[in-house]
Amino acid sequence: MKPEHADQTPSQGFPARLLVVDDEPRLLSSLASLLRSQGYEVTEAEGGERACELIDQQSFDLALLDLRMPGVDGFEVMAELSRKQPDCGTIVVSGESSFAAVSRALRRGALDYIRKPFDPEELLATVESVINKQSLMRAHEHIQVRLEKSEALHRYIVNTSPDIVFMLDEEGFICFINSKVESLLGYQPEELCGQHFRQILDDRDVSKGTYALKGANITADNPRTLEVRLKTRGSQQATRHFEITAFPIDPQTWPHTGDSQIGATPKSARYYGTARDVTERKEAEAFINFQAYHDLLTRLPNRALFKDRLELAIAQARRGKEKLAVMFLDLDRFKIINDTLGHAMGDRLLQAVTQRLEKCLRKGDTLSRFGGDEFTLLLPAIHDNDDARQIARKLIRALQAPFQLGEHEVFVGVSIGIAVYPEAGENLDQLIQNADIAMYHVKGRGKDGYRFYSQTMSVDTANRLNLERDLRLALERDELRVFYQPQVCSRSNRIVGLEALVRWQHPERGLLYPGDFLALAEETKLIVQLSEWVMDRAFRDVGDWIRNGHPDLRLAVNLSPTQVEHPRFVDNLVRRMTKQHFPPDNLEIEITENVIMSDLDQISHKLRELATVGVRIAIDDFGTGYSSLNYLHRLPIHTLKVDQSFVRAIRSGEEGACIVNAIVAMAHGLKLEIVAEGVETDEQLSYLRNLGCHQVQGFFYGPARPAGEVFKALEERTVKAVSF
Ligand SMILES: Nc1nc2c(ncn2[C@@H]2O[C@@H]3COP(=O)(O)O[C@H]4[C@@H](O)[C@H](n5cnc6c(=O)[nH]c(N)nc65)O[C@@H]4COP(=O)(O)O[C@H]3[C@H]2O)c(=O)[nH]1
């Protein structure tokens with residue numbers, strides 16, 4: 001039980017409560033009266049036993065105690081007091097004056113000793129001094145308790161702060177750091193105190209971090225705020241992002257005297273601040289940023305980032321008078337794979353393609369996914385076209401090996417258009433567009449190759465749009481024409497075949513050649529319609545001539561890669577021939593090596609089907625493309641067409657002439673027919689004749705002409721040099 005008035009203390013203005021204990025009643029009462037006269041609240045206890053009873057019932061500030069008493073003596077009362085009221089002080093008032101008794105009393109906690117008979121003044125002075133001392137001690141203890149509570153509160157606030165709280169000295173050494181550093185970075189506060197804060201800065205941010213503190217103008221109103229990466233304990237690799245705000249410590253208000261329990265010795269603290277973990281925000285920002293500028297499937301830069309980098313590269317090239325190349329890459333056959341194997345496989349293919357392409361590039365190059373199966377590539381600071389040519393070849397080679405998609409093995413090729421700054425355009429849009437145009441020229445000639453943009457390839461954007469619109473209309477308005485170029489036997493000068501070549505009788509621009517519009521037709525997918533129209537027309541024209549006296553006349557038609565790729569290509573062709581009553585034996589289709597190699601399995605299947613119905617197959621531009629001779633004996637090929645460039649070389653005596661020799665020899669060996677294209681001179685004709693190449697085509701015998709004119713020449717049976 002708590003004794004009565006236990007909470008009243010003299011320091012709170014209450015009179016001190018005294019317990020006076022003596023076995024002698026007279027002495028007891030005189031001592032009590034003396035003390036009461038001074039305003040003390042006095043309780044008398046006659047003997048030790050009574051004292052112990054009172055200790056149980058009341059609270060006292062001070063006991064004046066006789067030592068030697070019958071029954072319960074003064075020592076026992078002291079013991080009882082220290083057990084039950086430890087805050088109550090004791091003064092021994094005793095006749096006992098032996099050193100042993102006095103020292104024993106003092107050892108047990110007596111605060112003073114007064115010998116009987118006592119001097120009243122001395123006694124009152126002693127009582128007063130002890131009571132004062134006790135109030136001081138109580139006040140001190142009280143303050144101490146408040147201090148501890150206050151410090152515990154502050155420590156709690158600092159340590160449970162969501163941020164790291166720190167103090168640094170003038171040099172940047174850590175004077176204090178709260179325990180948040182442990183949960184955020186894994187360090188114990190003790191191991192960091194005394195260390196320079198750069199120890200935990202990520203290497204990439206050391207100069208930024210140390211510089212920030214050196215700024216002269218850090219004030220309380222102008223704190224230093226910076227974002228840095230801090231290293232986590234253990235792994236040097238792992239870092240987290242923090243936003244640090246540092247304030248200067250005002251020496252006027254910083255209580256730098258005396259140690260604080262919070263930190264080690266923050267006397268020299270010069271800055272304090274907080275470090276807020278902003279890693280999640282940074283990561284979210286980084287992701288949003290990444291998403292805005294990258295394609296998430298391939299993780300490549302997207303169109304926006306590509307344009308940004310190209311813009312910079314152009315500015316740099318302009319300043320340094322350097323060249324740069326923009327490539328436009330379009331995957332061949334991607335659509336078919338995507339449609340047949342599904343989008344998931346299509347996605348995997350795009351990722352695998354990206355990996356292979358990336359392996360071909362240097363650090364400063366930018367490969368981007370432009371959309372769908374289109375990629376763009378920026379090669380900054382190239383020396384000449386050869387640099388770009390080499391990379392283009394490398395990229396094409398990189399995609400030649402098959403891709404394994406689950407159980408499927410697929411082949412994709414790539415058509416690459418190249419625009420070199422400044423020749424092919426001086427600004428970003430021009431370069432990209434011209435690379436795109438060059439790419440369509442590759443597509444138009446059999447895919448899986450590369451071409452540099454040249455001005456002859458295209459018309460400007462406005463014209464291009466008009467041309468596209470016009471081309472659509474041309475089909476409806478019947479503006480397309482088929483011209484025929486004779487293929488002549490050089491020994492008899494007889495026309496053995498006719499190659500159908502499309503022309504466009506443009507209402508304003510006059511007669512246009514395939515070079516003016518075929519790439520655009522390929523690009524806009526109008527090529528299929530166009531080629532079908534040409535075939536129908538040629539089947540009608542040449543079919544008539546075959547039936548009217550020229551039964552052996554051969555019709556050679558060019559096929560677009562897009563046409564051949566179509567799954568129903570063979571059915572389509574056969575249906576059209578049948579409809580026009582054209583004899584299949586008189587048809588020769590011309591395709592390039594690149595078309596064959598783009599998907600050897602599929603194409604060879606289709607060619608075999610055509611050969612079965614009697615259609616002949618010629619390889620156009622032989623020697624300029626893929627030139628994998630391997631396919632020649634595996635496919636039903638009837639004719640090789642020697643490219644014009646090799647024929648042209650005959651005149652100039654370049655090594656191309658040797659290539660003609662080799663091609664002709666090989667064709668003989670493989671029992672293939674051979675047609676030399678682009679024969680313009682007598683000299684070329686005799687050279688070819690001597691080689692045993694007897695079918696020729698070229699301006700020597702005349703260019704392609706409208707049906708009416710060709711028919712006349714046919715009727716004359718033989719054709720003379722430049723007789724048209
Ligand atoms: N320098 C020179 N050139 C000669 C000579 N003899 C003929 N040529 C030209 O060489 C090209 C031969 O056709 P190609 O190699 O099949 O190349 C053709 C062919 O690949 C394509 N093409 C033409 N018509 C069609 C068509 O109806 N459908 C498809 N898909 N492509 C076509 O366009 C290409 C270009 O056709 P054209 O401009 O008509 O150009 C023709 C022809 O006019 C000569 O002695 N010297």
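The values are calculated or read from the model by the stated rules, or taken from the named source; none is laboratory data. These numbers were taken from a predicted model, which means no experiment stands behind them. Here the Cβ positions follow ideal geometry from the backbone for every residue, glycine too, while neighbour counts run over all protein chains shown.
A few comments on the model shown:
- Residue match in segment 566-583 (condition: at pLDDT 95 or above and within 17 Å of L714 (Cβ to Cβ)): yes
- Residue list for segment 592-630, restricted to those being modelled with pLDDT under 75 and of a type in the set (S, T, Y): S598, T624, Y626, S627, S628
- Qualifying positions in segment 203-244 - in contact with a Ser or Thr (Cβ under 6 Å, 6 or more places away or on another chain), at pLDDT below 90 and over 17 Å from T274 (Cβ atoms): A238
- V528 vs. criteria within 13 Å of the ligand (Cβ to nearest atom) and closer than 29 Å to E374 by Cα: yes
- Contact map, segment 286-300: residues that are free of Cβ contacts under 8 Å to residues at least 60 places away in the same chain paired with residues that are surrounded by 17 or more Cβ atoms within 10 Å (Cβ to Cβ), Cβ distance under 7 Å, separation 6+ or inter-chain. Pairs shown: Y293/P301; Y293/N302; Y293/L305; H294/L300; H294/P301; H294/N302; H294/L305.
- Enumeration of residues in segment 531-553 that are away from the ligand (no atom under 16 Å from the Cβ) and assigned to a helix (DSSP H, G or I): G543, D544, W545, I546, R547
- Any hit, segment 573-588, residues being out of contact with any strand residue (DSSP E or B) (no Cβ under 9 Å at 6 or more places or on another chain), without any contact (Cβ under 8 Å) to a residue 12 or more places away in the chain, outside any helix (DSSP H, G or I) and more than 16 Å from the ligand (Cβ to nearest atom): no
- Residue in segment 554-563 that is of a type outside the set (S, T, N, Q), assigned to a loop (DSSP other than H, G, I, E, B) and within 13 Å of the ligand (Cβ to nearest atom) present: yes
- Among helices (runs of 4 or more DSSP H) entirely within segment 331-414, having at least 3 residues that are under 29 Å from L428 (Cα atoms) and not assigned by TED's automatic domain parsing to the domain that holds I603 singles out 343-359, 385-398.
- Boolean, L377 is at pLDDT 95 or above and either among the hydrophobic types (A, V, I, L, M, F, W, C) or over 26 Å from V528 (Cα atoms) (or both): yes
- Condition broken by N594, with the remaining ones in (1) out of contact with any helix residue (DSSP H, G or I) (no Cβ under 7 Å at 6 or more places or on another chain); (2) among the polar types (S, T, N, Q); (3) in contact (Cβ under 8 Å) with a residue 24 or more places away in the chain; (4) more than 15 Å from the ligand (Cβ to nearest atom) satisfied: (4)
- Unmet criterion (only one of (1) over 30 Å from H140 (Cβ atoms); (2) not in a helix (DSSP H, G or I)) for R50: (2)
- Filter pass, V488 being crowded, with 20+ Cβ neighbours inside 10 Å, among the hydrophobic types (A, V, I, L, M, F, W, C) and more than 10 Å from the ligand (Cβ to nearest atom): yes
- Number of positions in segment 499-516 that are surrounded by 15 or more Cβ atoms within 10 Å (Cβ to Cβ) and within 28 Å of V488 (Cβ to Cβ): 10
- Subset of segment 499-523 [more than 10 Å from the ligand (Cβ to nearest atom) and free of Cβ contacts under 8 Å to residues at least 40 places away in the same chain]: W504, Q505, H506, P507, E508, R509, G510, L511
- Meets criteria (touching a residue at least 40 places away in the same chain (Cβ under 8 Å), under 13 Å from R233 (Cα atoms) and of a type in the set (A, V, I, L, M)) for L201: no
- Failed item, numbered, when K443 is tested on (1) farther than 17 Å from D330 by Cβ; (2) at pLDDT below 85; (3) assigned to a helix (DSSP H, G or I): (1)
- Single residue of segment 1-33 satisfying the filter (assigned to a loop (DSSP other than H, G, I, E, B) and surrounded by 17 or more Cβ atoms within 10 Å (Cβ to Cβ)) that is modelled with the highest pLDDT: D23
- Pick from segment 672-724, criterion within 13 Å of the ligand (Cβ to nearest atom) and not assigned by TED's automatic domain parsing to the domain that holds D620, ranking: surrounded by the most Cβ atoms within 10 Å (Cβ to Cβ): F724
- Any hit, segment 308-321, residues being closer than 20 Å to F411 by Cα and of a type outside the set (D, E, K, R): no
- Residues of segment 666-706 satisfying the condition of being part of a helix (DSSP H, G or I), under 60 Å from the mean Cα position of the chain (by Cα) and over 23 Å from H633 (Cα atoms): Q684, L688
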